[in-house]
Amino acid sequence: MERNKTVYITLNHMDDFMDYPSFITVGQELKLQKQKGNTYDDEAIVASTGDYKCAYVANSVHSVVRGTFSAGRIYDLIEDEAKCIVRFVLMEQGVAIAELCD
């Protein structure tokens with residue numbers, strides 16, 4: 001991936017997986033994987049700890065935190081898999097902000 005600025009993404013739907021909010025923590029590295037064949041979203045990207053799915057990259061104007069990229073904006077920037085590091089967990093909003101890794 002070639003880019004020259006830090007890219008932040010919004011992770012949402014964490015409450016659909018495991019024990020949110022304690023499951024995702026600041027500084028945690030997560031694996032991102034394109035979820036091809038997702039019938040709800042053609043650009044779906046799921047985040048996991050490696051063994052367990054824990055969130056999706058937000059892809060709606062209603063769920064993407066201002067200043068972060070949506071799944072659609074990073075879909076062509078990443079291969080089938082990528083990594084991110086959780087930088088903020090916004091419990092009131094039910095989302096986390098992560099930094100996309102090179």
Restricting attention to the range 61-102, report how many residues are free of Cβ contacts under 8 Å to residues at least 60 places away in the same chain and in contact with a Gly (Cβ under 9 Å, 6 or more places away or on another chain).
1
Could you check residue 89 against (1) surrounded by 17 or more Cβ atoms within 10 Å (Cβ to Cβ); (2) on the phi < 0 side of the Ramachandran plot; (3) out of contact with any Pro (no Cβ under 7 Å at 6 or more places or on another chain) and say which number it fails?
(3)
Counting only residues that are modelled with pLDDT under 95 and more than 17 Å from residue 13 (Cα to Cα), how many does the range 83-102 have?
2
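This table checks each residue for (1) modelled with pLDDT under 85; (2) closer than 16 Å to residue 90 by Cα; (3) of a type in the set (Lys, Arg); (4) not in a strand (DSSP E or B).
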{"residue": "27", "(1), (2), (3), (4)": "no, yes, no, yes"}
{"residue": "37", "(1), (2), (3), (4)": "no, no, no, yes"}
{"residue": "46", "(1), (2), (3), (4)": "no, no, no, no"}
{"residue": "56", "(1), (2), (3), (4)": "no, yes, no, no"}
{"residue": "59", "(1), (2), (3), (4)": "no, no, no, yes"}
{"residue": "63", "(1), (2), (3), (4)": "no, yes, no, yes"}
Is it fair to say residue 78 is within 15 Å of residue 101 (Cα to Cα) and surrounded by 15 or more Cβ atoms within 10 Å (Cβ to Cβ)?
yes
Take the residues in the range 37-75 that are of a type outside the set (Asp, Glu) and in contact with a helix residue (DSSP H, G or I) (Cβ under 6 Å, 6 or more places away or on another chain), then tell me which one is surrounded by the most Cβ atoms within 10 Å (Cβ to Cβ).
57
Subset of the range 65-99 (residues that are farther than 24 Å from residue 36 by Cβ and part of a loop (DSSP other than H, G, I, E, B)):
65, 66, 67, 91, 92, 93, 94
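The values are calculated or read from the model by the stated rules, or taken from the named source; none is laboratory data. Keep in mind that what you see is a predicted model, and the values were worked out from it rather than measured. Backbone-built Cβ (ideal geometry, glycine too); neighbour counts: all protein chains shown.
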